[in-house]
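The values are calculated or read from the model by the stated rules, or taken from the named source; none is laboratory data. Remember, predicted model here, so these are calculated numbers, not experimental data. Backbone-built Cβ (ideal geometry, glycine too); neighbour counts: all protein chains shown.
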């Protein structure tokens with residue numbers, strides 16, 4: 001009979017080590033490379049789902065989601081550089097695609113380019 005015990009601390013540690021620490025998605029804007037979190041916090045997703053059901057989206061949750069993906073420093077840098085709402089929405093949608101595992105080929109020539117080590121140049 002199989003054990004009915006699972007050590008998720010060990011499981012997620014091994015999963016993270018297998019995945020690699022430097023597999024964080026990144027994008028370039030204003031000549032700088034920004035890295036995003038590789039996943040959403042469950043609390044943020046659950047709260048979004050609750051709000052979606054009531055059709056009442058709270059701005060604070062959207063801000064929490066952006067800060068969770070980008071970090072406060074990177075979000076503020078984008079805002080200080082004058083990012084528009086449309087640009088921020090596009091970036092957020094791309095970030096959501098990256099965190100869900102759906103990678104879309106949106107390059108101009110149809111070739112997805114994967115940079116191994118992004119630079120800030």
| task | Could you tell me whether any residue of the stretch 57-64 is surrounded by 10 or more Cβ atoms within 10 Å (Cβ to Cβ), under 14 Å from residue 29 (Cβ atoms) and modelled with pLDDT of 80 or more? | result | no
| request: Hey, can you tell me all the residues within the stretch 1-12 that are surrounded by 10 or more Cβ atoms within 10 Å (Cβ to Cβ) and at pLDDT 85 or above? | output: 11
| task | Scan 115, 47 and give me the residue that is surrounded by 16 or more Cβ atoms within 10 Å (Cβ to Cβ) and either over 12 Å from the mean Cα position of the chain (by Cα) or at pLDDT below 80 (or both). | result | 47
